[in-house]
Amino acid sequence: MHPVTRSSARLYLRELAITDVDSLLAIYGSPASTEHLSFEPRNRDQVEQVVAWSVAEATVTPRTEYALAVVESETAELIGSGRLALDSHQQRGATMGFALRPDVWGRGYGVEMVRLLLSVGFNDLKLHRIWGARSPLNEASAKTMSAVGMVEEGTIREHVLKAGEWRDSVVHAILDREFFRCP
């Protein structure tokens, strides 16, 4: 499926473009944004590589990666990124990840963004299960996933190596029937 587009009251998702490097650098290069992610802050060259890879993957058949720009409708600014990656070990399943620019935290964009990602997964890709993993210290992510109906399933011990230390991840997931029941 290409291109992906989906909108809500304040946000829309679209495919990443090569011109998004600087906007994405504001997220992936930020120590605050990446504190709970699985990687250290990235430099411009690294973000260029991520964007180039994402743009190329968007046209692969069959498509398994959906790295999307999260754009504020009113300003047309890229304020976040969302990702769905089909899980080859699970029928009709995918992992999900998301990040927002720190200056837009606390406005409810996280919930809106995750709902859009889940909608792509369940409505467009006809998935059965979508799961995401978060840092145990990332309470904002826990609240966001809970608010969209995702259920905390457990902990993957020493799942992420970051800054030379192993970190656990807390798994949250939602099934298609649960998503379609949510208001």
Notebook entry, point to check: Would you pick out the residues in segment 136-148 that are in contact with a Lys or Arg (Cβ under 8 Å, 6 or more places away or on another chain), part of a helix (DSSP H, G or I) and open to solvent by 30 Å² or more (accessible area, probe 1.4 Å)?
Noted result: none
Item checked: Single residue of E57, E15 found to be of a type outside the set (F, W, Y), surrounded by 15 or more Cβ atoms within 10 Å (Cβ to Cβ) and under 27 Å from R167 (Cβ atoms) -> E57
Item checked: Test: residue in segment 150-171 that is open to solvent by 10 Å² or more (accessible area, probe 1.4 Å), closer than 23 Å to V4 by Cβ and not in a loop (DSSP other than H, G, I, E, B) -> no
Note to self: Where the second residue is outside any loop (DSSP other than H, G, I, E, B) and hydrophobic (A, V, I, L, M, F, W, C) and the first is in contact (Cβ under 8 Å) with a residue 40 or more places away in the chain and farther than 24 Å from V120 by Cα and lies in segment 39-63, which pairs have Cβ atoms under 9 Å and are six or more apart or on separate chains?
What the structure shows: F39/V160
Check: What number goes with the only condition from (1) closer than 12 Å to F179 by Cβ; (2) part of a helix (DSSP H, G or I) that E112 does not pass?
Finding: (1)
Margin query: Condition (residue is small (G, A, S) and closer than 25 Å to M150 by Cα) applied to segment 10-21: is it met by at least one residue?
Written below: no
Notebook entry, point to check: Does A133 satisfy the criteria of being under 18 Å from S7 (Cα atoms), under 11 Å from the mean Cα position of the chain (by Cα), in a strand (DSSP E or B) and of a type in the set (A, V, I, L, M, F, W, C)?
Noted result: no
Note to self: Against the condition aliphatic (A, V, I, L, M) and touching a residue at least 60 places away in the same chain (Cβ under 8 Å), how does L161 come out, does it pass?
What the structure shows: no
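The values are calculated or read from the model by the stated rules, or taken from the named source; none is laboratory data. It should be emphasised that the depicted structure is a prediction, and the values quoted were computed from it without experimental measurement. So basically every Cβ, Gly included, is an ideal-geometry build from the backbone, and we count neighbours across all protein chains shown. Heavy atoms of the whole protein, side chains included, go into the accessibility calculation; ligands, DNA and RNA do not. Shrake-Rupley method; radii C 1.70, N 1.55, O 1.52, S 1.80 Å.
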